[in-house]
Amino acid sequence: MLSEEQKLFKRDGAVVLRGLFKDWIDVLQAGIQANEQNPGQWFRDYTPNESKGHFWADYCNWQNIPPFERFIKESPAAEIAKTLMQSAQARMFHEHVLVKGPGSSKVTPWHHDAPYYPVDAKQTLSLWVPLDPVSRASAIEFIAGSHLWGKHFKAQSFNGQYYDHEGAKEEILPDIDQHREDYNILGWDLQPGDAIAFDYLTIHGAPGNLSNEHSRRAVSFRWLGDDAVYVNRGGKTSPQYPHLAERLSTGDALPEDEFPIIA
């Protein structure tokens with residue numbers, strides 16, 4: 001099972017999975033609705049002054065949102081992550097809800113996730129699950145093979161400010177949009193039930209939601225494999241997890257009560 005997808009994930013750092021979560025869309029919709037009604041401490045409204053195309057995000061709430069917890073523990077997600085990562089186990093890192101309303105012009109800039117996170121691992125996987133149809137024109141895009149470049153690019157917020165990671169060997173990301181022809185850019189039309197699996201080092205970005213008819217709701221579930229440890233980035237991370245910095249040092253094992261092994 002998933003042998004071809006495993007090869008593509010290893011080669012490209014991103015692979016589309018068709019229809020594997022079609023029975024879980026109602027559960028995830030309930031999770032997003034619960035999240036919107038009771039936002040967590042990291043909730044962000046990226047379009048507070050815009051009447052159209054509302055874009056909001058939140059994360060690290062799954063243990064307080066029963067539908068998300070059910071998906072994590074009962075859906076095939078953990079086994080899929082374990083298989084694609086070629087790991088003996090799959091550990092839950094966190095979930096990330098992203099909702100771009102109809103006609104949203106807010107672009108998700110090119111980046112990769114690893115420099116944002118206070119974890120270090122070679123076996124990593126984000127499972128990006130859309131709850132609405134996504135056209136190729138509105139789809140999240142990936143630079144094939146970028147997870148193998150052996151580089152970390154500076155994390156930056158949506159307002160363009162770079163994170164200050166003291167002593168980190170991080171580079172400024174090239175201007176991909178001005179040189180799209182130089183890259184193998186992957187993207188897919190998606191339906192509810194599909195998903196995209198990608199490595200934390202795979203460079204990705206997304207346009208606004210070009211649909212004027214429906215939102216582009218998605219939940220990304222972040223998984224870790226066998227070798228995951230805590231890392232102090234020398235500055236701000238996202239998620240921040242300030243309590244971890246108070247009790248852990250770089251290379252320490254992650255606490256299982258907060259980051260449990262699911263499969």
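What's the FRET efficiency of residue 122 with residue 213 using the Cβ-Cβ distance as r and R₀ = 45 Å, to the nearest 0.05? Mind dumping the intermediate values first?
Details: r = 41 Å, r/R0 = 0.91.
E between residue 122 and residue 213, to the nearest 0.05, is 0.65.
For segment 81-218, the calculated P(r), taken from all Cα-Cα distances in 5 Å bins from zero up to the bin holding the longest distance, is 2, 9, 18, 21, 21, 17, 9, 3, 0, 0 percent.
Given an 8 Å cut-off on Cα distances and at least 6 residues of separation, report the relative contact order of the chain as a percent. Don't skip to the answer; put the middle values down first.
Values: 586 pairs, mean separation 82.8, N = 263.
With pairs under 8 Å counted, the relative contact order is 32 percent.
Each label point was placed 7 Å from the Cα along the Cα-to-Cβ direction; for residue 47 and residue 158 their separation is 0.9 nm.
According to the Kirkwood expression over distinct Cα-Cα pairs, how big is the hydrodynamic radius of the chain, in Å?
On the way: mean 1/r = 0.0536 Å⁻¹.
With all distinct Cα pairs of the chain included, I get 18.7 Å.
On the basis of the beta-carbon distance and an R0 of 51 Å, residue 63 and residue 182 show a calculated FRET efficiency of 0.75.
Grab the beta carbon distance between residue 10 and residue 249, set R0 = 35 Å, and tell me the FRET efficiency rounded to 0.05. Spell out each step's value before the answer.
Values: r = 31 Å, r/R0 = 0.89.
After rounding to 0.05, the efficiency reads 0.65.
Note on 201, 148, 125: ascending count of other Cβ atoms within 10 Å places them as 148, 201, 125, the fewest first.
If each DSSP helix of 4+ residues adds -39,500 (n - 2.57) and the sum is divided by the residues in the chain, what number results at 222 nm, nearest 500 deg cm²/dmol?
Numbers: 5 runs with 47 residues, N = 263.
That comes out to -5000 deg cm²/dmol.
Couplings for segment 85-97, taken from phi via the Karplus curve 6.51 cos²θ - 1.76 cosθ + 1.60 with θ = phi - 60°, read 6, 6, 10, 6, 8, 10, 9, 7, 9, 6, 10, 9, 8 Hz in order; Gly and Pro are left as x.
Fully extended, how many nm does the chain gain between residue 149 and residue 135 (0.36 nm per residue separation, minus their Cα-Cα distance)? Intermediate results must be reported in sequence, preceding the final value.
Values: separation 14, 0.36 × 14 = 5.04 nm, distance 2.87 nm.
Length gained, residue 149 through residue 135: 2.2 nm.
Exposure proxy shown here: for 143, 65, the number of other Cβ atoms within 10 Å sets the order, fewest to most, as 65, 143. Just round it to a whole percent: the fraction of Cα-Cα distances in segment 112-163 exceeding 15 Å. The calculated P(r) of segment 112-163 puts 63 percent of pairs beyond 15 Å.
Laboratory data are not the source of any read-out in this text; all were calculated from the coordinates shown. Remember, predicted model here, so these are calculated numbers, not experimental data. A quick note on method: Cβ atoms are made from the backbone with ideal geometry, for glycine too, and the neighbour counts reach across all protein chains shown.
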